[in-house]
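The values are calculated or read from the model by the stated rules, or taken from the named source; none is laboratory data. Because the structure is a prediction, the values reported are computed rather than measured. Every residue, glycine among them, receives a Cβ derived from its backbone with ideal geometry; neighbour counts consider all protein chains shown. Accessible surface is based on the protein model in full, side chains and every heavy atom, while ligands, DNA and RNA are left aside. Shrake-Rupley method; radii C 1.70, N 1.55, O 1.52, S 1.80 Å.
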Amino acid sequence: KKIKTINYSKKVKILTGDLKEISELLFNIIQENKKDLTKNYKVKYKLNNIKNIQHSRKILAIGEISEGGIKRVTFELAGVAKKLACARNAVTQVVLLGSNFDKILKEKKLPDVHKLHLIENPELKTFNIETYANVLKEFIIKENPEIILGGATNIGRSLLPRIAVKLKTGLTADCTELDIDK
């Protein structure tokens, strides 16, 4: 395994005041940090211009949803997919399975990808490994992506090996970093 050293500096700030004042200060600090992280992230992996993309090349991320909306792992996978797609000059896609996507579509935060596929069916409301695997198998055959990404979550760890067997393809599990050698 590879060990990576990350240099960072800690900023110490002592907050004084009553509980309400301190909580407001903390909230503002957190919001500022979120803006900085988002700014750096978007600059690093900008989506390729759709005109310059080879549409036969596709990088697909299998996203996950919950009652609360799109899970964080979906955004992480979309970021990795963008990085790989930039190297391959490919289309970045995310697929979500579920039912009643109205709430998710009203969210302001959707994955930043070229194509977001929503496969909606009442049978997909709760995770069932066989149903999800069969639906994804048909979708993957239709889309024919070069690379498929899934999260190291309970769903991803159970679903991706099953899809790999159904598609008679390889599977690399527990990756901490992916890159394409140009």
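In summary, the aspartates and glutamates within cross-link reach of K58, defined as a Cα separation below 14 angstrom excluding same-chain residues under 8 places away, comprise E143, E146.
Pairs from the table (K125/K166; K83/K166; K20/K71) lying more than 25 angstrom apart at Cα are K83/K166; K20/K71. Placing one equal scatterer on every Cα of the range 87-182 and applying the Debye formula, the log10 ratio I(q)/I(0) at q = 0.13 Å⁻¹ is -0.51. The loop-placed GluC sites (Glu not before Pro) in the range 84-182, going by DSSP, that have at most 12 neighbouring Cβ atoms within 10 Å of their Cβ come out as E107, E177.
Amide H contacts of I147 (H built 1.01 Å from N, in plane; Pro and chain starts excluded): K58, L60 sit under 5 Å, all sequence-distant by 5 or more or on other chains. With each label modelled as a point 7 angstrom along the Cα→C-beta vector, the T172-E107 pair spans 2.8 nm. Counting only heavy atoms of the protein chains and using a 1.4 Å probe, I70 has close to 20 Å² of accessible surface. In sequence order, the range 141-149 has phi-based couplings of 4, 5, 7, 6, x, 6, 10, 10, 10 Hz under the Karplus curve 6.51 cos²θ - 1.76 cosθ + 1.60, θ = phi - 60°, and Gly or Pro positions carry x. Using R0 = 25 Å, the C-beta based FRET efficiency linking F127 and Q31 works out to 0.15.
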